[in-house]
Amino acid sequence: MKAVVTIFQYRRAVLPYLFMRHCYPVMKAAFPGAFDVWIIQDTGLAKGSVHTSSKVYSEAKQDLVAQWTDAGRYAGATIVRHDEPLDQRYPQMLPSFRIGMEIALREQADFHLWMEDDAIVLDRDCGRWGNLLSGKNAGVYRPDQHICTAYFVSTPAFDTRLLPIIRDRNVDGIHQPFAETGAWRPRIGDVEYYTTWACQGERTLLNPASAGRVHCRPESHELVQFVRKIAPHEVGLLNIDFPWITAKSRLYGMALRLMGSKR
């Protein structure tokens, strides 16, 4: 078997580093076959971009990613840099996603682990992906009804189905209904609309404790705890990219201790 990991990196340096330093060796040892990592660095989303990260991170953070790369902090990964522009009609269909799928299919990977640079995965069960994903098109780390590109595992069938959509904007006739649950639902144009369609409903839920993410969800404390478990001496690095989450985590911990003292 063969697995390919593609990390889609823009202006965040830390989590890809922590993955390569602390997660990759564990998963590589657990997986029964080749386990290769490709970091796809987008250097072309700077000025006038609608990419979410451009609104949060300055170009100096892009320089930091380059510095960490040149310093060998992502050793063990193959680095791919590109400056392809966004399609303003479909800004969420990042060129990096297309490049990642092309790599996974070219490498004839049986499994393709997607990760954005605000997510991290340490899946100690990756050696069982063959069984866990048998007959499925994807494995997800959250029980959402949509497939989030931040972290999930796809198969060749999934990537083959999704690639023409991302590459050619071949979206005609695609309809993906979502249930009314009160939670956020992808709309036409959102990349999750098309990843969910490509899954064709065939997915399996992997261990949620194997992944963490920083985004618009209340997962900040969980990510800090995740990193503290795998690299307690490096949890402070999160301040570089996510200075707000460590403060929130400290407040959360204080609240828990206070609640415990009142019992």
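The values are calculated or read from the model by the stated rules, or taken from the named source; none is laboratory data. Remember, it's a predicted structure, so these values are computed and weren't measured experimentally. Cβ atoms come from the backbone with ideal geometry, glycine included; neighbour counts cover every protein chain shown.
At-a-glance table
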{"read-out": "Number of positions in the range 45-76 that are modelled with pLDDT of 95 or more and more than 16 Å from Arg12 (Cα to Cα)", "value": "2"}
{"read-out": "Condition check for Tyr74: closer than 17 Å to Ile240 by Cα, in the same structural domain as Tyr141 (by TED's automatic domain parsing) and of a type in the set (Ser, Thr, Tyr)", "value": "yes"}
{"read-out": "Condition met for Phe8 (within 17 Å of Ile120 (Cα to Cα), at pLDDT 95 or above, in contact with a Lys or Arg (Cβ under 9 Å, 6 or more places away or on another chain) and part of a strand (DSSP E or B))", "value": "no"}
{"read-out": "Selection count, the range 118-177, where residues are assigned to a helix (DSSP H, G or I) and of a type in the set (S, T, N, Q)", "value": "2"}
{"read-out": "Residue list for the range 63-112, restricted to those being among the basic types (Lys, Arg) and in contact with a strand residue (DSSP E or B) (Cβ under 6 Å, 6 or more places away or on another chain)", "value": "Arg81"}
{"read-out": "Residue match in the range 26-42 (condition: surrounded by fewer than 16 Cβ atoms within 10 Å (Cβ to Cβ), at negative phi and either part of a strand (DSSP E or B) or modelled with pLDDT under 95 (or both))", "value": "yes"}
{"read-out": "Members of the range 130-168 that are within 13 Å of Phe97 (Cβ to Cβ), touching a Phe, Trp or Tyr at 6+ places or on another chain (Cβ under 6 Å) and either modelled with pLDDT of 95 or more or not assigned by TED's automatic domain parsing to the domain that holds Tyr90 (or both)", "value": "Phe152"}
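A quick yes/no check of all residues on (1) within 27 Å of Arg11 (Cα to Cα); (2) outside the structural domain of Asp159 (by TED's automatic domain parsing); (3) at pLDDT below 90:
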site	(1), (2), (3)
Gln200	no, no, yes
Asn207	no, no, no
Arg228	yes, yes, no
Ala231	yes, yes, no
Val235	yes, yes, no
Ile240	yes, yes, no
Trp244	yes, yes, yes
Met254	no, yes, yes
